[in-house]
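Down below is the structure, laid out as structure tokens.
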Amino acid sequence: MGGISGLLGALALLGFLGFLGGIGLVVVSASQGRPVRNGLFLAAIGLVVGLLFSVISQGIVIVEPTQRAVIVNTLTGALETPRGAGTSIVVPVVQAFTIYPISQQQYTMSGQENEGQVRGNDAVAARTVDGQEVALDITVLYNISPENDEINKLHVRWGQGYQDNFVRPTVRGLVRDAVSGYRAEQIYGAERTQMEDDMQAQISERFLQEGLQLTDLLVRDISFSELFRQAIENKQIADQEAQQAQLRVVQRENEANQLRAQAQGERDAEIARAEGEAQAIVLRAQAEAEALRLVSEQIAANPSLIQYLYVQNLSDNVNIALVPANSPFLFDFNSLAEANPDFNAPAVPEGVVPVVPTATPTPESGG
């Protein structure tokens, strides 16, 4: 479509060149006394062709797919419906058109020398709520709304200077407003993302009011003062040292807990061993007591049992037992022999008086 406009422009140019050529031919013919009719005819044809194709070329509006054409009636000043992609016809002089891009655009404000629309340091200078000054490199990605009413509104309010007159000052102002709600330490740390979200929400809302659509806001860099950076580094070092000290305290507490647990375990084990020994002693005492009880019952039932066991435990080579006269152990050998047929009473040597148990007389009560 751009070729059509170029072709019409070329034809208009040829027409005007023909007009000039006709004028020149008239002058030459007149100076030589010849008829000037041919020159006048050529000049007239050239003028008509030039004007015709010039008007036609000015009346043809070629709109690209990424563009919209705002049409203004120059007689009434009213805005007509914007023209979309394709070739449109307007009435020259009566209708004027302005082409606006609806494709993605960007505007960058940077502290770097060769970045952004403005050369030099164009970073957004802002101040935090605690008085720290910061510089932000900002890029906004946006586009003009393709809606007809929105394009006309942008044209009326800002015209083709919308970037310099609206986008730039609006972004800078809203960025400063957002930064002023945070402390520098928050921006330096984890709340930077929240600050960027706040900026994007405020700028997007403001853009929509003027017929623009914000696609994204990029905070490419944030620069702090040297004093603040040094203070942050010192604070981080102090925090690390405090964390290490806290870690050492925790380690000492863990070691103390381990020692206490070990001592507690040893004490519990010692108590368990003592209790076990006590229980064993009790059980042994109970067993011995039970054994003595049984022995007592047997002796009570058979009084000769103790004498029998005594004799049984004598050595095999013992044939004679000498018992003192005052010994409390008196053995009835006859009873033992009767109780044990295998028992052989030892021979009593000469001069030894065998002990024969006798009944102890019961003393008579006096009187």
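Taken together, the values in this text are just the output of simple stated rules run on the coordinates, not laboratory data. It should be emphasised that the depicted structure is a prediction, and the values quoted were computed from it without experimental measurement. Backbone-built Cβ (ideal geometry, glycine too); neighbour counts: all protein chains shown.
Using amide H atoms built in the peptide plane, which far-off residues or other-chain residues are under 5 Å from Gln112 H to H?
Residues meeting the amide H criterion: Asp122.
Cut-off is 10 Å between beta-carbons; in what order do Val140, Val49, Val118 appear when sorted fewest neighbours first?
Val118, Val49, Val140
At q = 0.11 Å⁻¹, work out log10 I(q)/I(0) for region 2-100 with the Debye formula, treating every Cα as an identical point scatterer and leaving solvent out; two decimals please.
Reported log10 I(q)/I(0), two decimals: -0.47.
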